1. Which order, highest average first, do 423-430, 586-593, 677-684 follow once you tally other Cβ atoms within 10 Å for each residue and take the mean per peptide?
2. Relative contact order (percent) for the chain, with alpha-carbon contacts under 8 angstrom and 6 or more residues of separation?
3. Within the stretch 35-67, name every residue whose backbone N is under 18 Å away from a label modeled 7 Å from Cα of Asp16 along the Cβ vector.
4. Would you calculate a helix-derived [θ] at 222 nm for the chain, using -39,500 (n - 2.57) for each DSSP H run of n ≥ 4 and dividing by the full residue count, to the nearest 500?
5. Taking H placed 1.01 Å from N in the peptide plane, check which residues at least 5 places from Asn566 or on another chain put their amide H under 5 Å from its amide H.
6. Taking amide H positions as placed 1.01 Å from N in the peptide plane, with prolines and chain starts having none, which residues 5 or more places from Tyr191, or on another chain, fall under 5 Å of its amide H?
7. Where the accessible area of the chain is counted over protein heavy atoms with a 1.4 Å probe, how much of it, in %, is carbon and sulfur?
8. Counting Lys +1, Arg +1, Asp -1, Glu -1, what net charge surrounds Leu246 among other residues with beta carbon under 13 Å of its beta carbon?
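The values are calculated or read from the model by the stated rules, or taken from the named source; none is laboratory data. All values reported here derive from a predicted model rather than from experimental measurement. Please note: Cβ atoms are built from the backbone with ideal geometry, for glycine as well, and neighbour counts cover all protein chains shown. Just the protein is used for accessible areas: all its heavy atoms, side chains included, with ligands, DNA and RNA removed. Shrake-Rupley method; radii C 1.70, N 1.55, O 1.52, S 1.80 Å.
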Amino acid sequence: MSITKGQIESHGLKLDEYNKIKDLLGRDTNLLELGIFSAMWNEHCSYKSSKIHLKKLPTKNNIVIQGPGENAGVIDIGDDDAIVFKIESHNHPSFIEPYQGAATGVGGILRDVFTMGARPIALMNSIHFGSPNHKKTQHLLSGVVSGIGGYGNSVGIPTVGGETKFNSTYNENILVNAMAIGHVNKNKIFYSKAKGINKPVVYVGSKTGRDGIHGATMASAEFDENSDQKKPTVQVGDPFTEKLLLEACLELMKDNSIISIQDMGAAGLTSSSIEMASKGKLGIELNLDKIPCRENNMSPYEMMLSESQERMLIILDDKKEKEAKKIFDKWDLDFVVIGKTTDTNRLILNFQNKKVADIPISALADEAPLYERKWLKPKITKNKIESKDFKKIKTKEALLKILSSPDHSNKDWITDQYDQVVMCDTVQKSGGDSAVIRIHNKNKAIAVSVDSSANYCKADPKSGGKQIVCENWRNLISVGAKPLAITNCLNFGSPEKPKIMGEFVECVNGIKEACEFLNFPVVSGNVSFYNETNSKSIFPTPVIGGVGVIDNLNKILSMKTKKVGNLILIIGKTFGHLFQSAFLRENFAINDGPPPEINLTNEKNNGLAVLKLIKEKLILSAHDVSSGGILVALAEMSMTSKLGLKIFEPKRVPSSNEYFFAEDQGRYLLEIDKNNLKKIEAILKKNNIFFDIVAEVQNDIFEIEKSFSIKVNDLYNNNNQWYHKFNAIN
């Protein structure tokens, strides 16, 4: 029975792609083989539209142990300690079924980390929803947050921070990006590359069901009004089984039993077996009769394409089978030898004494299409708004409006649903510039931050790409960490549209420039294309997850001001850039103009100077200046400490609003003791760093001299009121 055009298209393949498959095989495929090719050649697994551009990114330096190409990236933080981390998207599944979509996104990213031999120590997320007034927003938000908390809390991994944003661009295509961070001895890292002939291929974990079939293919297609009908492609997670699997794998990893190990993630058994064989330049033969199934009469097609959760594929030393099985029996998990490695360089599948698939591994991996898509360089808006428009609103009114907006309001009502302190190593949880996690039983820590800026990237993708890397860099420095490396999740519309592809290419170019200049390599990541519904795309939304190291727990900072009488310094110049700012967006509904310029030299010099002051123990608290500008950042410091601030009127820009709400980059607010001012001035002047005194810490009152004053408690209440309005609306 020959494959029909309808079957090819329903599997997400183009006709010319299928013709290439026929040429590689020298024949038509059967339906099972078609399904396998569709899984391996889709955008989600093959990166066929993005790979040539991702190769530009810097991925190596002296602390990178493993860059892109494995389950997760690995960096060296000294003392034989390594950090394993990655961020991935689960956007489409979370829109279709928000609880399970978000939950299984967390489960999948955790497996990527402990597959490498690391014990997960923290989770973070970046979640984007449509307008708060949209009919689906509350349902999606509630489900996603419950799914993240339900899975992470049950596994016992702290969810220590992230971001939640709202914009109508996500009305019909939300973003759910999950990040996991793990700790491992750098001499005990495990990889997925298969080695050796006739080595047992072992299936471990949960049984295989019919959930998630074609999940990867669904993630590589845009939505339409019938997207709800794709619910069967969403996986169903079981965090308690994940916990058992985690512990069983880490126990097995204590000896030298494992040759290679791979999570069964997107495309399930298909991708895991092919990726292991491809990396090792080997073949693999599987007996599908031995697959542990939880449903009756499952076909080879269903077994190979199922994305049932909590499963791993392991290639073992053949002398260690019995000992390994004892471990998985103890943890009440399936452990079944389902095949072997071969020297054939082919994927051979047997079922009921018949060979049901026979495909060259290279055809599935190396020969996958690689597209150099046409792209258009985005047009950058240069229009300007007369400065008199900025003076229509009083500074106090503008501040309160920003602080009570969906993006800038207090998100404790979300993060309080996550267990942030389980494992007892969370030093600083959500709400600051970065979360801080202690390395267990040691006097050092890592800082982690997740950031995005879709408005900047829409206005100027290259500048926006640079900016979000720099903001992540600043967030790590602001808690006292030396920035080490990043992971990224690049969320875009259809790569088949030159305009969208242009946004992607320019964003990647911006990320590349910033990472190279800051020596801030990309060690892992994910590309999520086709984030659009009925041909309406989301804004380009690259999400950056960064990791830094703090070599002494005594050097950790927060944005919480410490003492009345202390001074607040601003590091970095303020030029008054208001285009694409929260000030214009929240107060005037204006989203025009270019984003702020990125001066990478200033970013690096300012950041290194702040680190030097931290090393000298001259800074008491710190906060980076980003969305909302200086005044919003000062308000956040004040609300965190419940101490007031006396803010000095600016002297160097045309108007107060341009000064206080400008989103010029490369700036930090630093709290210092007055007695250390001369010493700090000397260090900053020696390094040619611009600084100024902007405020003094005081009790109770947040004020700008000769302008306005408000009680800190009233400021805090204003910052918390949006949640109640949101519930009332919905």
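1. So the order, starting with the most tightly packed, is 423-430, 586-593, 677-684.
2. Here the relative contact order equals 15 percent.
3. 41-43, 47-52
4. Here the helix-only value at 222 nm equals -10000 deg cm²/dmol.
5. For Asn566, the qualifying residues are Val697.
6. Here Ile261 satisfy the definition.
7. Summing carbon and sulfur atoms, their accessible area is 47 percent of the total for the chain.
8. -3
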